[in-house]
């Protein structure tokens, strides 16, 4: 009688015109390297053996996990190409092993964020690039001017759940390169993250950065739609949303998914944009921002890096079609975040952190104010932002919710 074939485990992490990569292992056979067959448009085009260790997968419970990578460029045709990755011996499909690779066109959201993660920024033109503003936000959240995005939220969580740390398993959707999640791990809040991201560039950068920082075993990246992929219940101790929830097309479904995948007593942490859907600012907020722009000294209204050009003196709404053309997921359902959050988690702690001014009127001119070290002016403008939050014009909030 033939011995039963071992169960194939693993994951196809990336399926792109220049690389097909992931990992595989035979469950219970950690010392046996898996050989995979690659089919494109129904034709077997390559065979490769998984030969490089994958400590992140091993840390997630898959002893003996090894990586694979092949370059499919010579086998692809223009348009969509059907890919299948199977075990060579048994024909078993690798998990997530059926994908489509487009040549001449690809997923708009993934492409947009791949482009963003490939850019290098040197000017301080947005609030999250300003240490002063970030520290001020953290002080509002936790009472201390901590450096680093979301550090105030992390401090509150660490104090509230001190006797339970570190949480064993966390999950994050839209993680980018995982830089924020690395901070969570280093803070001692979470031991291991499963990270979902659509951008292949971000996933590659994230894995490399995790390896450089000695956190490879603490982070498992998966290039896919996390809500579709993770269907279990009570799987994680922490669900972490950090400026990704506002990219969900259905916030209600995302928050209900968050509650479902949490174990009893599990914690959802959120630091996110909660402002108007598709950034369609209210007339009231536009009026306030334009008054702020008019009050700012003219020397600060020059284009950063191009002092011969003047910035637009008015803050206006960007048409919805233009926003969607840039990133189809941008603020897709953001206005419903706070109402749905308090519905799904009625006892959630929510702290609004503003943004009505620092996210609009200060765009681009922020660099000029900081370059001049005019922090008195910056503080006065942020006090106007505080007043906007008091009348409901807030763009950001942090939250902690327990299942």
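See the values below:
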{"quantity": "Using a Förster distance of 30 Å, the FRET efficiency for residue 163-residue 347 (Cβ separation, nearest 0.05)", "calculated": "0.95"}
{"quantity": "Residues in the stretch 46-85 that a label on residue 211 would reach, taking backbone N under 20 Å of a point 7 Å out along Cα→Cβ", "calculated": "48-72"}
{"quantity": "Theoretical ellipticity at 222 nm over the chain - DSSP helices of four or more residues, -39500 (n - 2.57) apiece, nearest 500", "calculated": "-9000 deg cm²/dmol"}
{"quantity": "FRET efficiency, 1/(1 + (r/R0)^6) with R0 25 Å, evaluated for residue 383 and residue 335 via beta carbons", "calculated": "0.45"}
{"quantity": "Stretchable slack from residue 33 to residue 126, in nm (0.36 nm times residue separation minus alpha-carbon distance)", "calculated": "28.7 nm"}
{"quantity": "Angle between the chain longest axis and helix 283-295 axis [Cα atoms, degrees, rounded to 10]", "calculated": "60"}
{"quantity": "Length added when fully stretched, residue 82-residue 52, from 0.36 nm per residue minus Cα-Cα", "calculated": "8.2 nm"}
{"quantity": "Residue 235 versus residue 363: modelled label distance in nm, points set 7 Å from Cα along the beta carbon direction", "calculated": "3.5"}
{"quantity": "Residue-span extension gain [residue 283 to residue 371] - 0.36 nm each, minus C-alpha spacing", "calculated": "28.6 nm"}
{"quantity": "Residues residue 70 and residue 402, FRET efficiency given R0 of 35 Å [Cβ-Cβ distance, rounded to 0.05]", "calculated": "0.20"}
{"quantity": "Cα-based shape type of the stretch 299-403, given that a ≥ b ≥ c are square roots of the gyration tensor eigenvalues and the cut on a/c is 1.5", "calculated": "oblate"}
{"quantity": "Inter-part distance where the stretch 376-394 and the stretch 327-354 are each reduced to a Cα centre, Å", "calculated": "21"}
{"quantity": "The stretch 314-403: relative contact order as a whole-number percent, Cα under 8 Å and 6+ apart", "calculated": "41"}
{"quantity": "Percentage relative contact order, the stretch 8-106, counting C-alpha pairs under 8 Å, at least six apart", "calculated": "33"}
{"quantity": "Whole-Å semi-axes of the stretch 8-106's equivalent ellipsoid (Cα gyration tensor)", "calculated": "24, 13, 10"}
{"quantity": "Convex hull of the stretch 127-402 built on C-alpha atoms - directionally averaged projected area, nm²", "calculated": "14.9"}
{"quantity": "Antiparallel bridges, percent of DSSP beta bridges restricted to the chain (to nearest 5)", "calculated": "70"}
{"quantity": "Length-normalised contact order of the chain in % [C-alpha pairs under 8 Å, at least 6 apart]", "calculated": "14"}
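Values in this text are rule-based calculations from the coordinates and carry no lab data. Note that this is a predicted model, so its numbers are computed, not measured. Note: ideal-geometry Cβ built from the backbone for every residue, glycine included; neighbour counts use all protein chains shown.
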